[in-house]
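Enquirer: One structure is given below, represented as structure tokens, and several questions about it will come after.
Please treat every number below as a calculation from the coordinates, not as lab data. Please read all numbers here as calculations on a predicted model, not as lab measurements. A quick note on method: Cβ atoms are made from the backbone with ideal geometry, for glycine too, and the neighbour counts reach across all protein chains shown.
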Amino acid sequence: MRIGILTAGGGGPGLNAVIRAAGRKLLREGHQPVGLLRGYRGLAYGDHRELDHDALSGLLPLGGTILSTSSYDPFRHDDGPQLVREAMARGDVDGVIAIGGEHTMEITAQLHAELGVPVVGVPKTIDNDIVGTDRTFGFDTAVHVAAEAIDRLHSTAQSHDRVIVVEVMGRNAGWIAVTAAIAGGADGVLVPEVDVPVEKIAATIRQRHDRGKDFSIIVVSEGARLAFEDGRSHKVVANAETDEYGYERLGGIGNALAAELEQITGYETRTVVLGHIQRGGTPTATDRVLATRYGVAAAETVLAGTFGTMVALRGAEIEPIPLTDVVGVKGIDLRLLELAEVFF
């Protein structure tokens with residue numbers, strides 16, 4: 001069989017490790033992996049490359065994706081579904097391993113349900129917000145980057161007697177924010193799942209100053225709302241425009257929060273936005289192992305003919321679950337937030 005492998009949506013550490021693992025397993029079993037370039041666009045337009053042993057060599061520690069990525073959705077283009085049908089009819093591939101996040105899994109489920117494309121999904125996102133799986137690869141690396149940044153900011157904040165607000169990624173889930181806050185010893189955290197009034201954060205900072213702590217580190221997720229004790233709250237976006245698929249461009253909550261905290265407390269407050277630094281670079285050992293397990297599991301699922309599924313981490317095991325079960329956004333475990341608050 002010729003099995004297409006694609007990476008779609010946002011980039012993230014560990015993508016190449018999945019490609020390597022799935023490709024090597026398929027080659028080992030006598031099948032041909034094919035790299036579909038730029039996500040589902042590569043399937044629709046026949047833009048692909050053969051993945052032999054040489055092409056799959058040296059990928060394990062490599063950041064990014066050798067297949068490039070995009071958010072191309074065939075169902076948002078008039079000719080998209082027909083192009084996919086023609087590609088499958090030509091025999092470009094006999095099945096697809098789709099590596100991506102929430103939006104990619106939605107597309108993958110729709111391709112299977114409406115066009116009968118044999119597909120298996122692999123959950124990828126640094127946000128760790130995909131329903132049905134305990135952990136996504138890329139998340140550990142993003143948290144490691146954020147926690148290391150917080151470590152470094154402690155020394156400069158203390159030296160200058162400042163409050164520093166650290167804005168991290170995560171979209172509409174606070175997994176990166178709350179986990180990095182715990183790992184980095186932050187003094188406050190704001191996440192999309194729970195509104196925390198600015199006045200409460202300011203009170204925490206004042207209490208620290210009263211105890212002789214002249215600096216504070218506050219972590220905020222990009223999708224958190226700016227909230228006040230009088231009930232007002234709103235999400236902060238980078239601008240009013242959305243991307244080509246209607247997704248809002250998040251960003252700016254860090255600066256907005258910093259301005260409010262400085263006005264309330266009178267303490268000098270600065271903002272650090274980590275942004276795409278969290279997506280780049282080599283994956284951690286934990287993500288390399290998880291990505292490798294996902295890749296092999298996806299190939300095994302394809303070879304078993306269990307299509308219309310996503311391989312998911314459930315406890316210690318990886319198993320296929322129906323793509324129809326992968327709906328919505330997985331919010332944080334609120335017990336993590338309670339754990340973080342012990343130290344605030």
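Enquirer: Please arrange Leu153, Leu334 by counting, for each residue, the other beta carbons lying within 10 Å of its beta carbon, fewest first.
Expert: Leu334, Leu153
Enquirer: Among Asp333, Asp230, what is the fewest-to-most ranking by other Cβ atoms within 10 Å?
Expert: Asp230, Asp333
Enquirer: Find the eigenvalues of the gyration tensor of the Cα atoms of the stretch 141-280, then list the square roots of 5 times those eigenvalues as equivalent ellipsoid semi-axes, largest first, in whole angstrom.
Expert: 24, 18, 12
Enquirer: Let me have the 222 nm mean residue ellipticity of the chain computed from DSSP H runs of 4+ only, each contributing -39500 (n - 2.57), with the sum over all residues rounded to the nearest 500.
Expert: Theoretical 222 nm ellipticity from helices: -12000 deg cm²/dmol.
Enquirer: Mind checking which of Ile19, Ile176, Gln278 is farthest towards the positive end of the chain's charge dipole, using Cβ charges of +1 (Lys, Arg) and -1 (Asp, Glu) about the Cα centre?
Expert: It is Ile19.
Enquirer: A further question follows. Relative to the longest principal Cα axis of the chain, at what angle does helix 285-303 sit, 0 to 90 degrees, rounded to 10?
Expert: 30
Enquirer: In whole Å, what is the distance between the alpha-carbon centres of the stretch 1-79 and the stretch 304-344?
Expert: Value for the Cα centre distance between the two parts: 23 Å.
Enquirer: Here's another thing I want to ask about it. Of Gly252, Met88, Gly212, which is farthest towards the positive pole of the chain's charge dipole, taken about the Cα centre with +1 and -1 on the beta-carbons of Lys, Arg and Asp, Glu respectively?
Expert: Sorting the options by dipole projection puts first Met88.
Enquirer: Sequence gap at least 6, Cα distance under 8 Å: using those rules, report the relative contact order of the chain to the nearest whole percent.
Expert: Taking the mean separation of contacting Cα pairs over the length of the chain, I get 23 percent.
Enquirer: Rounded if a/c is under 1.5, else prolate if a/b beats b/c, else oblate: with a ≥ b ≥ c from the C-alpha gyration tensor eigenvalues square-rooted, which is the stretch 1-135?
Expert: Taking the square roots of the gyration eigenvalues as a ≥ b ≥ c, the stretch 1-135 is oblate.
Enquirer: Can I ask one more? Please give, to one decimal in nm, the separation of the simple spin-label points placed at Arg249 and Ala113, each 7 Å out from Cα toward the Cβ.
Expert: 3.1
Enquirer: Considering only DSSP beta bridges where both residues belong to the chain, give the percentage that are antiparallel (nearest 5). Write out the running numbers ahead of the final one.
Expert: Values: 16 of 49 bridges.
Antiparallel bridges: around 35 percent, rounded to the nearest 5.
Enquirer: Let me know the number of lysine pairs in the chain closer than 20 Å at the Cα, not counting same-chain pairs under 8 apart.
Expert: Final tally of qualifying lysine pairs is 5.
Enquirer: Under a point-charge model restricted to the Cβ atoms of Lys and Arg (+1) and Asp and Glu (-1), what is the dipole moment magnitude of the stretch 141-280 relative to its Cα centre, in debye to the nearest 20?
Expert: Result for the stretch 141-280 is approximately 280 debye, rounded to the nearest 20.
Enquirer: Less than 10 Å Cβ to Cβ from Val219, Lys/Arg counted +1 and Asp/Glu -1: what total charge do the surrounding residues give?
Expert: -2
Enquirer: Compute and list, largest first, the equivalent-ellipsoid semi-axes of the stretch 271-344 from the alpha carbon gyration tensor, each √(5λ) rounded to a whole angstrom.
Expert: Working: eigenvalues 180, 68, 35 Å².
After diagonalising the Cα gyration tensor, the semi-axes are 30, 18, 13 Å.
Enquirer: How would Ile182, Ile130, Ile150 line up from fewest to most surrounding beta-carbon atoms within 10 angstrom? Spell out each step's value before the answer.
Expert: Working: Ile182 19, Ile130 26, Ile150 23.
Lowest to highest Cβ neighbour count: Ile182, Ile150, Ile130.
Enquirer: For the stretch 1-72, compute the orientation-averaged projected area of the C-alpha convex hull (one quarter of its surface), in nm².
Expert: If you wrap the Cα atoms of the stretch 1-72 in a convex hull and average its projections, you get 4.2 nm².
Enquirer: Then there is this: In nm, to one decimal, how far is the modelled label at Asp52 from the one at Val194, with both set 7 Å along Cα→Cβ?
Expert: According to this spin-label approximation, the distance is 5.6 nm.
Enquirer: Evaluate Rg over Rh across the chain, taking Cα atoms for both radii and Kirkwood's formula for Rh.
Expert: With Rg and the Kirkwood Rh in hand, the quotient comes to 1.03.
Enquirer: Multiplying the sequence separation of Met1 and Arg211 by 0.36 nm and subtracting their Cα-Cα distance, what value in nm do you get? Mind showing how you got there, number by number?
Expert: Values: separation 210, 0.36 × 210 = 75.60 nm, distance 6.68 nm.
Between Met1 and Arg211, full extension yields an extra 68.9 nm.
Enquirer: Report the calculated FRET efficiency for Leu27 and Arg335 (r = Cβ-Cβ distance, R0 = 35 Å), to the nearest 0.05.
Expert: That pair, Leu27 with Arg335, gives E of 0.25.
Enquirer: Just need the relative contact order of the stretch 141-280 here, percent rounded to a whole number, with Cα pairs under 8 Å and 6+ apart.
Expert: RCO, the stretch 141-280: 31 percent.
Enquirer: About its Cα centre, how strong a charge dipole does the chain have in debye, to the nearest 20, once Lys and Arg get +1 and Asp and Glu get -1 at the Cβ?
Expert: So the dipole magnitude of the chain works out to roughly 700 debye.
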